[in-house]
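Here the structure comes first, spelled out in structure tokens, and everything after it is commentary.
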Amino acid sequence: MKRFLSLFLATIMIFGITGCQKNVKPSDAPTKAEETASKNTDEKSSHYPVTIQTHNYDGEPVEITFEKAPEKVLAVYQNSIETLLALGLGDKIIAASGLDHDVKDEYKEDFNKIKYYKERPTKEEVLGMKPDFILSWSSFFGEKHLGDVDFWHERGINTYMALNSGMLDEDSLEHEYQDILNIGKIFNVEDKANEIVDNMKAEIKKANDFAKDLEPVKTVILEVGSDNTYRIYGEDSIGGNIATQVGADLVAKENGTIGAEDLVKLNPEVIFTVYYGDEIDRDTALKEILENQGLSSISAIQNKRVHPIMLGEVYASGIRTLDGIKSISKGLYPELHED
């Protein structure tokens, strides 16, 4: 009898264990896809919070913190829009404005999906958009437009001003690099940002290596004004900084305005003439130099070494910094760029 009872109890235990195992649902165990998603989430969350230094309208440093990547971005001006597109972040842009040139061909498909304001949006329009991030120039945060950054920060909306957009005393290539790297950090796409910056530095080195044993080329970068005046892009401008870094002799070194007589005295061997939008288009920028009889004795004009260059390549240039480096390098050293 005892033997029968033992066998009976053992049988019940076996069936009980088997039954419990059958009640385990497959969905209770994590799938491989779920494990991968969890890992990716952990990697992204480990990147944040991110603290970045930006500035207010007076140029004073301001620290802002991102708990996650922005999802609803207002991007105003060429470099803001194109840098986001180059980093693969077009789907984050809810509105854009302020182009001086068409966006680069490789970004047009993504750009065409974005709501574009021909006129910069007003403060009220921006509030209605409910962005979580505004990327622009310092001028956009003046009283006539959005107002200073604290207004937006108090509402949980982070901001970032391009370093070379007029708030600092000196523009430089390093500032352009820093902007791109900062945006990469904000959106957790640092590898892409580093690749863009590394390509720019490589192009500078390429021109430097070529020019190291050559006599420096006397160069001027200018923008045509009225009444025979010219706005100079000096050493403290992006264009001027590029020119000096690739070995040019920038004969007009200070930002400011000069007259035709002064330009003749400088007698540059190469002139880069800046164009943008409808105000000074490419043809106008060239004609105002080439067809001005008062400038005809200048070496650059006699030797047909006057080159138009986009504003977007020499001011708050963003990803077009690479184009600016190539344009200036080609104008100075055409043989370096021969196929």
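Read-outs: derived from the displayed coordinates by stated rules, not from any lab. Small disclaimer: the values here were computed from a predicted structure and weren't measured. Cβ placement follows ideal geometry from the backbone for every residue including glycine, while neighbour counts extend to all protein chains displayed.
In what sequence do Y117, Y57 fall when counting other Cβ within 10 Å, fewest first?
Numbers: Y117 15, Y57 19.
Placing the least packed residue first, the sequence is Y117, Y57.
How long are the semi-axes of the equivalent ellipsoid of the range 145-193, defined as square roots of 5 times the Cα gyration tensor eigenvalues? Whole Å, largest first.
Taking √(5λ) for each eigenvalue gives 22, 18, 6 Å, largest first.
Pairs of alpha-carbon atoms within less than 8 angstrom and 6+ residues apart define the contacts here; what relative contact order does the chain have, in percent?
The value is 14 percent.
Give the order of E60, E313, E176, E254 when sorted by the count of other beta carbons within 10 angstrom, beginning with the fewest.
Working: E60 9, E313 24, E176 28, E254 12.
Exposure proxy ranking, most exposed first: E60, E254, E313, E176.
To the nearest 10 degrees, how steeply does helix 173-186 sit against the main Cα axis of the chain, on a 0 to 90 scale?
Approximately 20 degrees, to the nearest 10.
In deg cm²/dmol and to the nearest 500, what is the mean residue ellipticity at 222 nm of the chain if only DSSP H runs of at least 4 residues count, each as -39500 (n - 2.57), divided by the residue total?
Computed mean residue ellipticity for the chain: -12500 deg cm²/dmol.
Where a Cα-Cα gap under 13 Å defines reach, which aspartates and glutamates qualify for K123, not counting those fewer than 8 residues away within the same chain?
Hits, sequence-local ones excluded: E143, D148.
If each residue of separation counts as 0.36 nm, what is the full-extension length gain between E195 and E335 once their alpha-carbon separation is subtracted?
47.7 nm
With 10 angstrom as the radius, rank D249, D150, D58, D227 by how many other C-beta atoms surround their C-beta, starting from the fewest.
By the 10 Å Cβ count, ascending, the order reads D227, D58, D150, D249.
Step through the residues of the range 85-102 one at a time and calculate ³J(HN,Hα) from phi using the Karplus curve (6.51 cos²θ - 1.76 cosθ + 1.60, θ = phi - 60°), rounding each to whole Hz and writing x for Gly and Pro.
Once rounded to whole Hz, the list reads 5, 5, 8, x, 10, x, 6, 8, 7, 8, 6, 9, 6, x, 6, 8, 9, 4.
Cross-link list K118/K144; K212/K287; K201/K304: which exceed 23 angstrom alpha carbon to alpha carbon?
Distance filter (> 23 Å) returns K212/K287; K201/K304.
I'd like the FRET efficiency for S297 and N255, computed as 1/(1 + (r/R0)^6) with the beta carbon distance as r and R0 of 41 Å, rounded to 0.05.
Numbers: r = 25 Å, r/R0 = 0.61.
Taking R0 as 41 Å, the efficiency between S297 and N255 is 0.95.
Quick one: which residues, 5 or more positions from Y333 or on another chain, have an amide H under 5 Å from its amide H? H modelled 1.01 Å from N in the peptide plane, none for Pro or chain starts.
none
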